[in-house]
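The values are calculated or read from the model by the stated rules, or taken from the named source; none is laboratory data. Here the structure is a predicted model, which means the values were calculated and not measured. The accessibility values were calculated without ligands, DNA or RNA, using every heavy atom of the protein model including side chains. Shrake-Rupley method; radii C 1.70, N 1.55, O 1.52, S 1.80 Å.
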Amino acid sequence: QIMATIDDVDSNLNVLVSYIERDPLIAARVLSLANIAAQKRQFSEICNLHTAISQIGVGRVREIALFSSTAKFIHGFSTKSIPATFWAHSVGVGICSEELAHFSDTPNLANAALIAGLLHDIGQLWLFSFNGDAMHAAFSDSKKRCIGIEVAERDCFGTDHATIGFWLAEHWMLPKSLCLAIRYHHDASTVQSEPLVPLVHVGEAMSNALDLFGDPQNHVTKLSASAFKKLGLIWGSAKRPEFGPLFGRMEARSRRANELLHHEV
């Protein structure tokens, strides 16, 4: 409801506040971030949500709502077998995909790219919960044979996390574009008509290349040239801004988002 209200041009701040007030965790986080910002600017203490939202912006509110919901979702799974870096990677890919949407002149897809990136490996989470030992074995096999994890999963389970994630997304009745982004994030050349697919594919590649959280599994196994071209990205092109500031935003926002996620957990 919070996300839908933010994206509804006909809605107003009072409606948004009414939804935030129903979730004490989100409300407290919004007020906390607003007061941190106010202190830096030497403003007076902020005690109401209207002022707090105006202070931090609806973009930050969307981020808080999304990662708070994710933190609650985490508790629905047994985390014993899930790698500690799983959520950091998912958040990193979400942030990188969102930043790429702005960078590639598709800002209308930024919100969807964030969500698609966050959920791109959700099938892997299911596999860890289903048989954690087999999934760890698949990761070891992937590393030993220098193959993609999706290939090792197919050898082990007969299917891969991208396919299972697609089934889950369809079951949850997520938009078709999100379902396809999850299904083809390892094979973006398969689907050319849905721009979310290359956004998440390249977003994951950049997240791994930047080695945002020191995960030993971080490596770029493949990068679709057609996906890169679809986003209008050309290394060293005078027609495009430099990649340096983009990478800086990806790194800074990923760290901040993961701090927020762990704070909520």
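Surface exposure of the chain, expressed per residue as accessible area with a 1.4 Å probe, stands at 49 Å². Quick check on my link table: of LYS176/LYS229; LYS143/LYS176; LYS176/LYS230, which ones sit more than 29 Å apart, alpha carbon to alpha carbon? Flagged as over cut-off: LYS143/LYS176.
With Cα atoms defining each centre, segment 125-142 and segment 167-203 are spaced 22 Å apart in the structure.
Please report, as a whole percent, how much of the solvent-accessible surface of the chain comes from carbon and sulfur atoms (probe radius 1.4 Å).
Of all accessible area on the chain, carbon and sulfur atoms account for 55 percent.
Take the Cα pairs of the chain, get the Kirkwood Rh, then feed it into Stokes-Einstein at 20 °C and 1.002 mPa s and tell me D in µm²/s. Calculated translational D: 110 µm²/s.
Note on the chain: helix-only mean residue ellipticity at 222 nm, from DSSP H runs of 4+ residues weighted -39500 (n - 2.57) and normalised by residue number, equals -21000 deg cm²/dmol.
Tilt of helix 110-119 relative to the longest C-alpha principal axis of the chain, in degrees (0 to 90, nearest 10)? That works out to roughly 50 degrees.
Entry note: segment 88-239 has Rg to Rh equal to 0.96, where both radii use alpha-carbon atoms and Rh is the Kirkwood radius.
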